[in-house]
Amino acid sequence: MIQGHPDPHPDHFGHALADAYASGAEQAGHACKRIDVAALDFPLLRRKEDFEKGTPPESIREAQEAIRWADHLVILFPLWHGTMPALLKAFFEQVFRPGFALAYESGRMPKKLLTGRTARVVVTMGMPAFIYRWYFGAHGLKGLTGGILSFSGIGPIKQNLIGMVEGMDGAKRARWLEKMRRLGSDGK
């Protein structure tokens, strides 16, 4: 499970969703490892050479091991400016390096190194989810699912878009938390 909220404070709804999913998974006997991106210390990648040949910091190597270990990834984050927060994007740039996510051979398409894994992406947002999906085309979500996860071999990838989070009443929040528990229990 990758908690991608850049604020480590646990009172965000995304943290409650992650806790509910993990609780359901663990109660059903599924092993669960968690990566809290906000708690990691890593630099931004600024040069192609660093991305291709640089040594990832320890926190990133540990995240890579957790992802390599997993059969199913759950990625949660709030929608910021139509896409994932910058810290989560920087995390994926560090983690999904050549040799971990893809193997490059001269003159060929990269070999996908993360096949055999599935994923669920859970995105919270202030706008209605249908507006993000149909009017904006869920462009930021497509960048993650197609440009990072699927490109590395992960699939199928399921999605939950949770809109109008700030104005959501307690009953609706409880329904979402229960849905996350059930998905965790089912390993989906």
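Which pairs break 22 Å Cα to Cα here: Lys53/Lys111; Lys33/Lys188; Lys48/Lys111; Lys111/Lys188; Lys33/Lys142; Lys53/Lys142?
Where the Cα-Cα span goes over 22 Å, the pairs concerned are Lys111/Lys188; Lys33/Lys142; Lys53/Lys142.
From the residues Gly153, Phe42, His72, which one has its Cα farthest along the dipole of the chain in the positive direction, the dipole being from +1 and -1 charges on Cβ of Lys/Arg and Asp/Glu about the Cα centre?
Gly153
Of all the C-alpha pairs in the chain, what % are more than 24 Å from each other?
38
Put +1 on the Cβ of every Lys and Arg and -1 on every Asp and Glu Cβ in segment 1-151; which of His139, Ser106, Phe92 then has its Cα farthest towards the positive end of the dipole?
Ser106
Among Cys32, Tyr21, Ser59, whose Cα lies farthest out toward the positive end of the dipole of segment 1-63, if unit charges sit on the beta carbon of Lys, Arg (+1) and Asp, Glu (-1)?
Ser59
Can you list the residues, at least 5 places off or on another chain, whose amide H is less than 5 Å from the amide H of Arg120, using H built in the peptide plane?
So Arg120 has HN proximity to Leu73, Val74, Ile75, Lys158.
Sum -39500 (n - 2.57) across every DSSP H segment of at least 4 residues in the chain, then divide by the residue count to get the 222 nm mean residue ellipticity, nearest 500.
Computed mean residue ellipticity for the chain: -10500 deg cm²/dmol.
Report the label-to-label distance for Glu58 and Glu178 in nanometres (one decimal), using points 7 Å from each Cα along the Cα→Cβ vector.
Result: 4.4 nm between the two label points.
Taking θ as phi - 60°, what are the ³J(HN,Hα) couplings along segment 7-12 by the Karplus curve (6.51, -1.76, 1.60), each to the nearest whole Hz, with x for Gly and Pro?
Along segment 7-12, the couplings run 9, x, 4, x, 8, 6 Hz.
Treating only the Cβ of Lys, Arg, Asp and Glu as charged (+1, +1, -1, -1), what charge dipole size does segment 1-103 show about its Cα centre? Round to the nearest 20 debye.
Its charge dipole is roughly 400 debye.
Could you give the dipole magnitude of segment 37-188 about its Cα centre, charging the beta-carbon of Lys and Arg +1 and that of Asp and Glu -1, in debye to the nearest 20?
Dipole about the Cα centre, nearest 20: 500 debye.
So, by mean Cβ neighbours within 10 angstrom, what's the order for 160-166, 16-22 with the highest one leading?
16-22, 160-166
Rounded to two decimals, what is the ratio between the C-alpha radius of gyration of segment 60-131 and 2.2 N^0.38 Å?
1.31
Can you give the net charge of the other residues whose Cβ lies under 14 Å from the Cβ of Lys188, counting K and R as +1 and D and E as -1?
Taking every Cβ under 14 Å from that of Lys188, the sum is +4.
With equal scatterers on the alpha carbons only and no solvent term, can you work out the Debye log10 of I(q)/I(0) for segment 1-96 at 0.15, 0.20, 0.21 1/Å?
After summing over all Cα pairs, the log10 values are -0.62, -1.03, -1.11.
Bear in mind that the values in this text are calculations on the coordinates, not laboratory data. Computed from a predicted structure; not experimentally measured. Ideal geometry is used to build each Cβ from the backbone, glycine not excepted, and the neighbour counts take in all protein chains shown.
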